[in-house]
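The values are calculated or read from the model by the stated rules, or taken from the named source; none is laboratory data. Predicted model only: the values in this text are computed from it and were never measured. Virtual Cβ from ideal backbone geometry, glycine too; neighbours counted across all protein chains shown.
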Amino acid sequence: MKHTLSVLVEDESGALSRISGLFARRGFNIESLAVGPTEQSGISRLTMVVEGDEHTLEQMTKQLDKLINVLGVIDLTRIPSVERELMLLKVSAPAETRSAILDLVQVFRANVVDVADDALTLEVVGDPGKLVALEQVMEGFGILEIARTGKVALERASGVNTAFLKVTASSKRVPA
């Protein structure tokens, strides 16, 4: 199972190296990693996606908590949270397919950030599922390049679990 961890660390040289080394020594892959400053000076938030069972994750969380520069670890996997990711996608866009691509860009609320004679570069921000869906739709046009950030996430202050709401709403729909 994939887990999203939010780790607060002191901005110290080598902190990221110690964290990634901890995972590497135990043979665990970090699937996604995003690091940036927080609202508090001198502290950064690492948002990482890792795969493992509950026991493995519990052990990794305990090991992270023991590191000197780590101030706290939260597993956001089952906590209501907001998750976003950014993707830049360069797609082949000759004149005959450009209007179809631009229509899809609007559906996904993406932005065109670069235009060339035979290509468009798109920017899309959203939950990881939205990015995967856009990527799948654009495959038919010919993807030239992709760059994705790691997932960033924060616990929902409202406590509202939107994933639960989506499941509940779809189960109440009457079949056509």
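The single condition among (1) touching an Asp or Glu at 6+ places or on another chain (Cβ under 7 Å); (2) surrounded by 15 or more Cβ atoms within 10 Å (Cβ to Cβ) that GLU51 does not meet is (2).
All of ASP103, ASP118 fail the test of being exposed (fewer than 15 other Cβ atoms within 10 Å of the Cβ), touching a helix residue (DSSP H, G or I) at 6+ places or on another chain (Cβ under 9 Å), among the acidic types (Asp, Glu) and not assigned by TED's automatic domain parsing to the domain that holds LEU8, apart from ASP118.
In this entry, ARG98 is excluded by the filter for residues that are closer than 24 Å to VAL132 by Cβ, of a type in the set (Lys, Arg) and not in a helix (DSSP H, G or I). Among the residues of the range 64-85, those identified as out of contact with any helix residue (DSSP H, G or I) (no Cβ under 7 Å at 6 or more places or on another chain), part of a loop (DSSP other than H, G, I, E, B) and either polar (S, T, N, Q) or over 30 Å from SER158 (Cβ atoms) (or both) are ILE68, THR77.
Here's the yes/no breakdown for (1) closer than 30 Å to GLY140 by Cβ; (2) part of a strand (DSSP E or B):
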position	(1), (2)
GLU12	no, no
ALA34	yes, yes
SER44	no, yes
MET87	yes, yes
